[in-house]
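*Asks:* The structure follows.
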Amino acid sequence: MTSRTCIFHIDECDFEKSINEAAKMIKDGKTVAFPTETVYGLGADALNPAAVKTIFEAKGRPADNPLIVHVASKEQCEELARNIPEKAYTLMDRFWQGPLTLILKRKEIVPDITTGGLDTVALRMPDNEIAIELIRASGKAIAAPSANLSGKPSPTTANHVIDDLFGRIDAVIDGGAVRVGVESTVIDMSSEVPAILRPGMISQDEIEKEIGDIIIGYEDKVHQDIEKVRSPGMKYTHYSPDATVILVEGENETVIVKIREMLDDFKSQGAKVGLLLTDENNETIVGNEQFLLGRKDRPRELACNLFAGLRYLDEKNVDVILTDGSFSHSGVGTAVVNRLRKAAEMIIKI
């Protein structure tokens with residue numbers, strides 16, 4: 001465990017210098033947190049078992065939870081995966097660089113610790129200049145789960161990383177706030193019928209336009225009883241702040257009524273309540289603290305603000321977070337509600 005964390009502040013003047021210094025740390029087997037378009041990742045050389053082990057130690061992450069490996073080219077992908085199907089190449093051509101992770105049969109070069117002991121490896125090419133240049137400069141495929149303490153909301157700024165992991169990792173590259181805000185869509189291409197194992201910014205409809213029918217291989221709950229999972233986010237509790245999260249789903253008016261009712265009840269008990277609301281409900285419900293996710297008709301905005309909102313309300317030391325789930329649960333909204341359901345201790349559907 002490191003005792004000092006180096007912070008690289010990226011700007012045009014020192015971009016190359018900072019990237020090269022961070023890349024040397026990756027080559028030396030150290031841990032570097034860096035921005036992608038989705039969330040900040042905690043990176044280490046994917047083919048160095050000792051380096052990958054430090055990721056698990058820093059995060060407190062269960063060792064059977066597989067990591068996503070970030071690459072900078074299809075050629076680098078081919079060094080790590082075998083028997084890549086044509087449909088996987090189709091998705092690479094359409095969505096890489098971008099927030100899509102492909103699960104493929106792994107080559108023996110990929111160590112067990114990186115894959116959670118599976119015969120597959122999860123690969124993606126991030127759409128972020130800092131991430132791509134770090135991979136290229138290091139000459140390494142970089143294993144990188146989200147750069148947070150295991151189970152906590154994913155980080156969308158360098159400050160979120162610092163709050164969770166300062167003194168536990170070797171470096172953080174501060175590239176500002178991320179653009180997407182929820183983790184990548186994960187699709188299993190290692191079986192006969194492709195299956196989405198985690199929803200993200202790239203939707204089922206978009207994928208099916210490229211490769212035909214796929215199946216949904218996830219449920220919005222934690223599967224503690226599953227022995228092996230092929231994707232992060234399926235087995236263990238994720239995205240949870242310290243406060244108790246209660247998600248209220250349904251039509252707008254009924255959600256408002258229920259949240260007001262619960263708000264009054266918690267206040268009468270002396271609890272400090274935080275509200276995670278869509279913009280439209282800003283003035284209809286008033287709590288001790290509140291954070292606006294964005295407009296219901298802008299699901300990408302909701303996704304971008306989700307984890308920042310959970311962290312903001314936690315910083316306000318609220319006891320309970322009542323969450324407005326009245327937005328559309330289709331398209332990108334699928335990813336937003338998936339993360340909220342995994343963060344929630346109680347889900348109320350009305």
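Every number in this text was worked out from the coordinates using simple rules, so none of it is lab data. All of these numbers come straight from a predicted model, not from anything done at the bench. Because the Cβ atoms are built from the backbone with ideal geometry, glycine has one as well, and the counts that use them run over all protein chains shown.
*Asks:* Quick check: the distance between the Cα centres of the range 112-134 and the range 26-84, to the nearest angstrom?
*Replies:* One Cα centre to the other: 5 Å.
*Asks:* What dipole magnitude, in Debye to the nearest 20, does the range 6-216 give about its Cα centre under +1 on Lys/Arg Cβ and -1 on Asp/Glu Cβ?
*Replies:* 500
*Asks:* Now for a separate question. Among 171, 72, 50, whose mean-square fluctuation peaks in a Gaussian network model of the chain (Cα, cutoff 10 Å)?
*Replies:* 50
*Asks:* How many nm is it between the label spots at residue 215 and residue 73, if each spot is 7 Å from the Cα in line with the beta carbon?
*Replies:* Taking the two extended label points, one gets 3.7 nm.
*Asks:* Any idea what the relative contact order of the chain is, in percent, if you count C-alpha pairs under 8 Å spaced at least 6 apart?
*Replies:* 19 percent.
*Asks:* Moving on. How large is the helix-only mean residue ellipticity at 222 nm for the chain, computed as the sum of -39500 (n - 2.57) over DSSP H runs with n ≥ 4, divided by its residue count, in deg cm²/dmol to the nearest 500?
*Replies:* So the helix-based figure for the chain works out to -10000 deg cm²/dmol.
*Asks:* Which cross-chain or sequence-distant (5 or more) residues have an amide H under 5 Å from the amide H of residue 149, H modelled 1.01 Å from N in plane?
*Replies:* Excluding prolines and chain starts, which carry no amide H, there are no hits.
*Asks:* Based on alpha-carbon positions alone, could you give the equivalent ellipsoid semi-axes of the range 79-180 from the gyration tensor, as √(5λ), descending, whole Å?
*Replies:* Three semi-axes, in Å: 26, 17, 13.
*Asks:* For residue 33, list long-range residues whose amide hydrogen, built 1.01 Å from N in the peptide plane, is under 5 Å from its own amide hydrogen.
*Replies:* 43, 171, 172, 173
*Asks:* Could you compute how fast the range 120-162 diffuses translationally, taking Rh as the Kirkwood radius over C-alpha pairs and applying Stokes-Einstein at 37 °C with viscosity 0.692 mPa s? Give it in µm² per second.
*Replies:* D, rounded to a whole number, is 272 µm²/s.
*Asks:* Once label points are set 7 Å from the Cα along Cα→Cβ at both residue 346 and residue 267, what is their separation, rounded to one decimal in nm?
*Replies:* 1.7
*Asks:* Something else now. Place a point 7 Å from Cα of residue 252 in the direction of its Cβ. Which residues in the range 321-350 have their backbone N less than 12 Å from it?
*Replies:* What the label zone holds, given the 12 Å backbone N cut-off, is 326-328.
*Asks:* Oh, and also: [x] 20.3, 72; [y] 21.5, 84; [z] 19.9, 61: which one is Rg and Dmax of the Cα atoms in Å as calculated from this entry?
*Replies:* Of the labelled values, this structure produces [z].
*Asks:* May I pose another question? Checking the a/c ratio against 1.5 first, then a/b against b/c, what shape does the Cα gyration tensor give for the range 1-102?
*Replies:* Oblate.
*Asks:* Mind giving me the nanometre distance, one decimal, between the label points for residue 129 and residue 208, set 7 Å out from Cα along Cα→Cβ?
*Replies:* According to this spin-label approximation, the distance is 3.8 nm.
*Asks:* Of 24/107; 258/342; 17/59; 27/209; 209/258, which pairs sit farther than 32 Å apart, going by alpha carbon to alpha carbon?
*Replies:* Too far apart for the 32 Å limit: 27/209; 209/258.
*Asks:* Set Lys and Arg Cβ to +1 and Asp and Glu Cβ to -1, take the dipole of the chain about its Cα centre, and tell me which of 147, 178, 275 lies farthest positive.
*Replies:* Of the candidates, 147 comes out farthest on the positive side.
*Asks:* Next question, about the same structure. Between 266, 307, 95, find the one with the highest GNM mean-square fluctuation for the chain; connect C-alpha pairs within less than 10 Å.
*Replies:* Answer for the Gaussian network model of the chain: 266.
*Asks:* May I pose another question? With a 10 Å cut-off between alpha carbons and a GNM built on the chain, which of 262, 25, 201 moves the most?
*Replies:* Between 262, 25, 201, it is 262 that shows the largest mean-square fluctuation.
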